[in-house]
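The values are calculated or read from the model by the stated rules, or taken from the named source; none is laboratory data. As the structure is a prediction and not an experimental result, all values here were calculated from the model. No Cβ is skipped: glycine too gets one built from the backbone with ideal geometry, and neighbour counts run over all protein chains shown. When the accessible area is computed, the model is the full protein with side chains, heavy atoms only, and any ligands, DNA or RNA have been set aside. Shrake-Rupley method; radii C 1.70, N 1.55, O 1.52, S 1.80 Å.
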Amino acid sequence: MKERGLDPVPKYRRHPEPPPGTFRLLFGRAPVHSFGRSQTNPILAEMMDENVVWVNADMARRMGLADGAWVG
């Protein structure tokens, strides 16, 4: 890797903090759906018909968001 100009042992570099009032987008997947292939499956849609967003609990309180609140 060194011969190709890459660090053979990469070092951690802290990402810059996002501007105030913005969020970093992190994502996970619900085990019910995988990518877009299951969106039109009526059985799976019955189990989970909407996607959810997870927000840090402290930030959610500051923003007035309750568990299960609709965000758009």
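Brief remarks follow.
- Any pair with Cβ under 6 angstrom, 6 or more apart, that starts in region 9-26 at a residue that is free of Cβ contacts under 8 Å to residues at least 40 places away in the same chain and ends at one that is open to solvent by less than 100 Å² (accessible area, probe 1.4 Å): R24/P18
- Residues of region 43-58 that are assigned to a helix (DSSP H, G or I), hydrophobic (A, V, I, L, M, F, W, C) and closer than 14 Å to A30 by Cβ: L44, A45, M47.
- Residue that is farthest from T22 (Cα to Cα), among those in region 35-51 that are open to solvent by less than 100 Å² (accessible area, probe 1.4 Å) and among the hydrophobic types (A, V, I, L, M, F, W, C): L44
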